[in-house]
Every structure is written in structure tokens, then in C-alpha cells.
1. Please give the peptides 52-61, 447-456, 120-129 ranked by average Cβ packing (other Cβ atoms within 10 Å per residue), highest first, as a rough proxy for protection.
2. Any chance you could run the full-extension gain for residue 288 through residue 762? It's 0.36 nm times the residue separation minus the Cα-Cα distance, nm to one decimal.
3. At 0.36 nm per residue, and after removing the present C-alpha to C-alpha distance, how many nm does the segment from residue 409 to residue 685 gain when stretched out fully?
4. To the nearest 10 Å², what's residue 758's accessible area with a 1.4 Å probe?
5. Can you list the residues, at least 5 places off or on another chain, whose amide H is less than 5 Å from the amide H of residue 719, using H built in the peptide plane?
6. Within region 17-52, find all residues whose amide N lies under 19 Å from a label point positioned 7 Å from the Cα of residue 337 along Cα-to-beta-carbon.
7. Using DSSP to define loop residues, name the trypsin sites (Lys or Arg not before Pro) in region 334-376 whose beta-carbon has at most 11 other beta-carbon atoms within 10 Å.
8. Between residue 399 and residue 45, 0.36 nm times their residue separation minus their Cα-Cα distance comes to what?
Amino acid sequence: MLPTKPPRFSIRAKLLIAFVGLSILPMVFVSLYGLYVNVRTMETIALEDLTHDVATIRSRTGNFMAGVEGDMRVILNSSVLQEWVRRGGGISPAQDPGGLRAVAGEFLAFARTRRFYYQIRLVNADQDELLRIQCDDVIDSASHCTIVPAGQLSHGGGAWYALFAGNLSPGQIAFHPVELLYGGTRRIPVISFAAPLLDRAGRKGILVANVFAGSLFRELETRRTNSIDPSVILVGGDGHYMYDSREQRDWNRLIALREEDNLQKDYGPSIAGQILSGREGVIAEGSDAMIAYAPLFPSRPPGMQPQPGAEITSSLYVFESVPRSSLTRDARSTAATYAWFLLAFLVCGVGLGLLATGQFTRPIFEVRRGAEVISRGNYRHRLKVKTGDEIEELAGQFNRMAASLEEHDREIQQHRYRLEEMVEDRTRELEEGRARLQAILDNVPSAFVMLDPEGRIRTASATFTSITGLVLGDVQNLEIGSVLRSAGLCAHAVSGEEVPRPLAVESHVDGPIVHNGSERYLEHVTIPISEGGTLTSILQIITDVTKRKRLEEHLIHSEKLMATGEMAAIIAHGFRNSLTSIKMILQLQQESKRLGNENRKSVHVALDSIYRMETVVQELLNFARPSPMEFRPTDLNGLLEEGIVLVGPRSVEQGVALTRDLDHRIPPILLDSAHVREAVVNILLNALQAVESRPSRMPKGRITVVSKRLLLTKTVRDLRSPAGVDAEEMPAGRGEEIVLQKGLACASVSIADNGPGMDRALLRRIFDPFFTTKTNGTGLGLPMVKRTVNAHGGIVTVKSIKGKGAAFEILFPLRTDVPGAYSASGANAEGQR
């Protein structure tokens, strides 16, 4: 362990310490010795006064207790009580009621001659109360003593007295502090005296006298010898307080808190043991107070000459204490006076010392202050010390050194200014280049993400948040693959460990990805960045190609549709000519007189098949070359009613409930009535067929048609279905997107059923031409519905959960102009959306 360095003091401080120490220390030693002698003298006087007070208290309380004992013996030896006991009256009142009345009169007359008795009781050997004289006024007990009626006496309530005095011999008297209820609520502290009684059969009874504790406590409140008011405390043999002069008249609280406030808790086990030892003594050390103590009574109360063998049994101890702080109050006052004198001497000494040492230390301070100024870079500072000694020579050397430093600093500052200008110009160029690059990256629709070699995100452009919905601060330093996968934005993302070797650019498209309730396609391009063949970072470009993918799919679908439609038109045209010839031949055969009944039935069946084939061929032709749209202001609810009427008979036949809830606030809309009615009927027929195919265990079939006027709460998009199949007549905007903006007023038509529903794979293809799940369907009904709705500038959607039915919703924008549509020839109709 290194030795501790002594504190360092300045020259001036050392001189001050020596000067002040020589002037103050002698006075300090004299003052401390005088205070010590004063305190010891006061402690000695206080102990003598406390011992005298304790002796006085013992004498007064001994006389009081001897008086009570004498009263008890007077009662015990009264002729009336002795006669009553000899006749055996201690057994029960019924045996000798007259004798008990005589005893009661004797007790009452005696109680009225004393002012400190609260109760006088007579308890038999069965612990039943035979007699009670009680004071009804705790202030004037002598004039308010009464005999308690027999009905109010307690039976079996003398058990405590039996335990208290049961082991006493004849002639012995015991006492104990107790609390008794007065009036049912107030507690009266008393000292209970008890003496045994013997009847002729040798059985014991008990005479009880309850004395107001305040009568004894008044004997303790005597005039003190000590000028400082001490505390007088009376305790029992168990250490619980019976009287405390600090509590004054609040004896109820003192007894109630006897378990919390006691001698052992307040003064500690050691001091409590000395006080309860049964000896007289004083305690001057080990406590915050000076204490004189003694047992309250000697072996026998003074001045009493009881019968042989008679004595009072109990243990009480009294002690008187004075806080040491009270004894040292005068000493503290004297110490304060000494302290003021010391302070005055100290101020004078310090003042003279400062004056004397200032002439020596002021030049040294100037030199030190100058060194501090120059150390902070102020080389122009010069010292002005005129002492005519070595200190003045030292100040001159100091000034020459400061001049040399000032010249060198001037040269350094010139070089620094030139360097700072060069750094500022270069920094400005870099910041401008960085700002331009960041602006380019933030405005490019693709997100640029810079990764470390382990694939952790270091930084990203602003587009990263708009594409992924992730905040850069939340995902920084996280592995990009786990971040995008947990957000449901990709199935695979290249990390640092998966970068291809040799280092090369890699790209892939993830999709369809369901994110925030919609399908998206994200393209990921990974560009490794290396230095000297070592991978240092990775640039990943994320682009939302959802719109492009949808356009590609729509264009491919349109090309297929045109090819399919062309082929269908050619086939339908050829079939229709052949079917016409066959139909005419069969019709002639049907009208022939020579045709038998069986053959006529066969011809009829063949004609029905021809008619159905013509219907399919006509549907193909209508789909390939639809009729032009004719827009007129039309009541949408009226078209819905007409559609419901057309399918009503079939729904009744199938037992399907067809209900409607139409919003009559919808104004007339520019519609093609025939095409819209046909679209509504197609959806209703699909719903009826779906309800027919549901399992029999499902509840009764139900179809609901609802129309309402609403404002869109979100933007809805769809790609327009082509109007025709002639490639040379197809408009340039065949991939045009229909957008219904948020907040647009629309008319909504919802047709829902409780059929078996559809899974996700069927929902994706439900509007594809020729796609059907029915054995006799053509797969053209719903594509024609979509084409009709799109031609009106509207959008049709379908929602379904397997086993829970399906719901079609058609949105028509509420506008008065003619919506953008395609005629049968493929040209745009008048009026653009």
C-alpha cells in the first residue's frame, strides 16, 4: 500500500495556520476544561436531588398503601362480616339474605367515608358476585356510592379475582392495577386489592376493594427538589408502566399502550434490569438520562403492624429521570459564549494574518495567474511586477517567453486558416454530391437498401418505407431476410452468406404476396460490392412490380381471349350454318304424316338438343362480338326488380328465399338497361345454382339483394375487360386500369348467397372465359358480367369463404356523363369518364 501524501498548502496558508494556531489554541484548551468541570458538577447535584425525590415518593406511597391495607383489615374484622361468614353466608344470597343486607349496609357506610374507593365487592367460592358497592360519580365517590341491585351482579365473573387471590393465605392482601368499564364505554384505571375469606365449611370467598388509581398517582405528584422538572415513572414487576408524569392524567392511554410503551423498549434491557432488580441505586452512565430508582415499598409498608403472617403481595418500582440535555443546557449557553469569543479571536487573527502575508504572496499570485492566462492561449499577456527582488527578475523572464510563444502561435494560426478553407471547400462539394445522390435515390420508385457482408441493414432510401411499410430506425442492423419474411414481404431474400460466388448480380420476383389485405409482387435485385475480391457490402434494390405484373397478366389474358374468341366465332359461325340445315330437315320430318309416334318423339328430342346448341352458339357469338352499349338515365333499383322477377319462379321452385333491401336514394344513372339486367340475372342464376349444389344438411337456401348509395372509404382498382376480340379493332388502351378514388360517390349492388362458397384458387379464375365448374355450363356468364360492369366504368368483386357462401358486389360511379366504354366494334363510346 502506497503512503498517503500529506495535503499541500500554499505559503500564505501555512503562515495563516501558524499565526491563527498560536493565538487560538490556548483559549480553546481553557474553555474545554471549564465546560467539563461544569457539566460534572451539575450531574453530581442532579443525582443527589433525584435520590432524595425517590425516597420521598416511597415514603408517601407507602403511607397511602398502608392506609388502604388498614381499611381492608377494618372491613375484614368488622363484626357484621365476621358474623355473616360464621353463619355460612358466603355460599349464596338465598341462604342468608338478611345477613347479606347487613353486610351491604356496613360496606356502603364505610365507602361513603372514603373518597378514593370505586367499588367494594364480595365474591363467593363459585366465582359469583354476591355484593357490590359502586361509585356512580368518578369525581365525588363518597357522595354517590350505591348498592348494585342483585339482577346486575355478575355470575361467574369473579374468575379473575379467583386467579388473582386464590393462593393467598388468611390475612394476606394482594393488589394489582386493572382497568374497569364505566358506563359501558369509558375505562376506569383502578388498583384492585383482594383478601381471602373462609366460611365454616372451609371454602373461600374473596373481599375485593377497587381504589381509583388517580388517588395513588396524586401521591407521586409531589414537589421536586430538582430545579429541572424530572420524569417520575411507576412500573410493575413485568416492566409495564402504571404511571408516567409525562402523560399527566391520560392514564387510560398509558394502560392501553402498555404492550407498545414499556420499560424495556424505552430504556433497553440492561437499564430495565437494574431498575427491576429490587435494589436502590442510580444510573449515571450508558443512558441519555440521569436516573435514580428504588422499589416502591420496602419489605413491609412503613408504620403498619398487621396480624402475624399478614402482608401485601405485589412488586412496584419507581424511578425518576432527568435528560442529560436538560443538565447541560447552562453548559451549552456557556459554550456558545466561548464560541463567540473564539470566533472573534479567529476573525482578528485571520485578518491580521492576511494583511501580513499579502505583501509576500501577491507577486507570486500574479506570476501564477499570468502562467494560467498564457496556458489558455493568450500569449499577449505580460506581467507587471515591481518588487525589486528575485520575483521581479522571474517576471521578466516570463514576459520574454510569452513573446516568443506569441510569434510561433501567429505562424501556426496562418497555416490553420488555409487548411480549414481547403477542408470546408471539399466538405461542401461532398455534401452537395451526397444531397444530389440522396434526392435521386429518394425519388426513384425503387428502394435502395445498403447491407453489410452479413446481410444486415445499414441504410436505405426513403422509398424503402413507402414500399415495405417498415421504418428504417426499427430494422437497422437487422438481417434483411428475416425482416422481410417476418413482415410477409418475401419468401426469400439474399443475405451475405447466400451471395453467389463468383460475385454476380442476382434478381428474382416474389409474389403474389398478401400484404395489408392485397396481393403484391416485389422484385429483388442483389448487387454484391467488393474490393480486391472481398465482399464489403451488398446493395439490394426492391421494386414494387405489382402493376406491371398485373398488366402483363392482363395482356396475356387478353391475347388468349382474342385468340379463343376468334376461334369460337369461326366455330360458332360454321356450327350455326350446319345446325340450321339440320334443324330444317328435322322440322320437315316432324311435320311428315308418315312418321310414327316413337320416331316423332325421337325427332322432338333431337330438335330440343339443336335449340340448346343454338343457344350456346349464340352466347359464343355474343361474347366474341358484343352488341354496342346504349346509355340512358336508368333507375338501377328498377333493373334489380326486373332481374329478381325473371328468376323468381325458379327460386320458388327450388325453395330458395329471395330477399331484397333497395336504397331509394340512388338517383338515375347512365346505364345500358339490357346489358345490366342480363348481368344481374347471370349473378342471380349463379347464386341459385350454388344454393342447389350445397349439402342437404345445410340450412334453407337464401339469396339477398342489397343496393345502397355510399362514399368509398378506400381507392378501388381493376383492369378493364376488353370489349371485343378483333385484334385490329382493339383500342390502344385495352390494358386500361379503372380507378375509383377514395371518397367517390357510388351505387353499390350486393348479391349474396349461403351456398357452399369457393376457395381462393376458384376466386382467382372466376371471371376467366370458358372456366366453369358446372357440367352443362359455358363459362361465359361471369366474364360477360365483368365486361358489362367495366364498360360502365364500374368494378365487380367477389368475396367467398369455403362453406360460408359467396357475395358479389358491383360498384357504379354516380356520374351524369357517359362512361368510357367499348362498342361492339371495339371503338370508344361517346363521353369519357
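The values are calculated or read from the model by the stated rules, or taken from the named source; none is laboratory data. Since we're looking at a predicted model, the values are computed, not measured. We place every Cβ from the backbone using ideal geometry, glycine too, and count neighbours over all the protein chains shown. Note: areas computed on protein heavy atoms with side chains; ligands, DNA, RNA excluded. Shrake-Rupley method; radii C 1.70, N 1.55, O 1.52, S 1.80 Å.
1. For the peptides 52-61, 447-456, 120-129, the packing ranking is 120-129, 447-456, 52-61.
2. 161.0 nm
3. On the way: separation 276, 0.36 × 276 = 99.36 nm, distance 9.81 nm.
Between residue 409 and residue 685, full extension yields an extra 89.6 nm.
4. 40 Å²
5. Sorted by chain and number, the residues that satisfy this are 738.
6. Answer for region 17-52: 27-43.
7. Loop-located and lightly packed - 376.
8. Details: separation 354, 0.36 × 354 = 127.44 nm, distance 7.37 nm.
Taking 0.36 nm per residue and subtracting the Cα distance, the gain is 120.1 nm.
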